[in-house]
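Readers should treat all values here as calculations from the given coordinates under stated rules, not as data from a laboratory. In this text, all values refer to a predicted model and were calculated from it rather than measured experimentally. Positions of Cβ are backbone-derived with ideal geometry, glycine not excepted, and every protein chain shown enters the neighbour counts.
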């Protein structure tokens, strides 16, 4: 799926424009799984977009796969349920902030196709980097996401995530639909795209009310790379200090 935004410009999430693509007809599997969060919340500090960004960071962001997924819709629903369940273990725990952020990063690594995500986010610069730089960028990027969004995500309480259905999109992977509800907000549509083309079922993108979180991160990292004079080493150091 191609995004209509410029890679070199940091664009507010609400202004991102997503190109529409033709959807294939396929089997729809319905499900109903509700998870509940009970954590202190300062609603003045957290916005609807921050909620979604936190979920995206933990669930994982990635490119559209090139091959058709062999996984089933039931397996895709199971993956999303696992992600949500493990997130709730963190937000309901008494862990320190450092421990919680480390766990968020582990969830991202476990359920996100991190190498593919990192390659897509870095863009053309990826092909000009050494293997050591690529490994360093992957590590810096996943830590950056965990710190950036994990602190916000822990502050939610009385929120529910309801998984509603899964649709096999063929070469677009499987889309698992869910709804996030919490006090003071209208329901928010969250679509989780997953595929097993890397060898196991992984998250490769997530859409919040139709907005691709992968596109948002690609824009931000692209702008940071430019701000660091297109030095990948400087970008890696920058990401390690952010969040």
message: I need the calculated FRET efficiency for the pair residue 200 and residue 164, taking r as the beta carbon distance and R₀ as 25 Å, to the nearest 0.05.
response: 0.55
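Find the relative contact order for the stretch 79-149 and round it to a whole percent, using C-alpha pairs within less than 8 Å whose residues are 6+ positions apart. Intermediate values should be presented prior to the final figure.
Details: 30 pairs, mean separation 26.1, N = 71.
After rounding, I find 37 percent.
Quick one: if the Förster radius is 41 Å, what FRET efficiency do residue 226 and residue 183 give, using the C-beta to C-beta distance and rounding to 0.05? Can you show the working numbers first?
Values: r = 40 Å, r/R0 = 0.96.
According to the calculation, E is roughly 0.55.
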message: Need one number: nm distance between label points at residue 102 and residue 241, each 7 Å from Cα along Cα→Cβ, rounded to one decimal.
response: 2.4 nm
